[in-house]
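To start, the structure under review is shown below, and the notes come after it.
The values are calculated or read from the model by the stated rules, or taken from the named source; none is laboratory data. These figures come from a predicted structure and were not determined experimentally. FYI the Cβ positions are ideal-geometry reconstructions off the backbone, even for glycines, and counts take in every protein chain you see.
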Amino acid sequence: MRAIFGIFPLLFVPVIIYNLMAFGFGGGPDGTLSMTENIARPLMTVGMVAPGAAWAISSGDLLIIFSMVFFFVEILKSTSTGASTIANHAVSMMVFILCLIEFLLLKNFSTSVFFILTFMCLLDVLAGVVVTIISARRDFTVGDGGVGAGMGR
């Protein structure tokens, strides 16, 4: 079970949620709204301390906040080394490619919310690869007793 958790990119969960919203509820409850208008519609309003100020929270805002939590966990997961880490990078790359294709080709996915989600997937791939390369380089240098570190001088 832990190996599956290590391979599964958590950012796929918000991508699935957005897909459900885009394909299932893209036009809003009455079918007249575009996806951009639908995810920008306030779900709730929170009164602020300033007189007359209110904070409107939309489903797009909630999805981005939810995605940022998963992105944080993905960054933490990328610091580990092991066989499942490489598989996680590969699956994360596939999720990013899927997001990029949907963003470019499908009408309901050409929103700022989905672009931010796609950008998070790209950063997940890049951070995972960079962290893995840096940790592998450090392990190589430490594992050789520092022999590799002095060869460039």
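The C-beta contact set for the stretch 67-84 (first residue acidic (Asp, Glu), second residue part of a helix (DSSP H, G or I), distance under 6 angstrom, 6+ apart or interchain) comprises 74/124.
Residue-by-condition table, conditions (1) modelled with pLDDT of 85 or more; (2) in contact with a helix residue (DSSP H, G or I) (Cβ under 8 Å, 6 or more places away or on another chain); (3) not aromatic (Phe, Trp, Tyr):
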position	(1), (2), (3)
7	no, yes, yes
45	yes, no, yes
54	yes, no, yes
57	yes, no, yes
72	yes, no, no
79	no, yes, yes
91	yes, yes, yes
96	yes, yes, no
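Scanning the stretch 52-104 for residues that are among the small types (Gly, Ala, Ser) and in contact with a Ser or Thr (Cβ under 6 Å, 6 or more places away or on another chain), we see that the one that is farthest from residue 35 (Cα to Cα) is 54.
The residues of the stretch 33-85 that are within 30 Å of residue 137 (Cβ to Cβ) and touching a Lys or Arg at 6+ places or on another chain (Cβ under 9 Å), listed by number, are 84, 85. Tell me, yes or no, whether the stretch 58-69 has at least one residue that is of a type in the set (A, V, I, L, M) and within 23 Å of residue 132 (Cβ to Cβ). Checked the stretch 58-69: at least one residue is of a type in the set (A, V, I, L, M) and within 23 Å of residue 132 (Cβ to Cβ).
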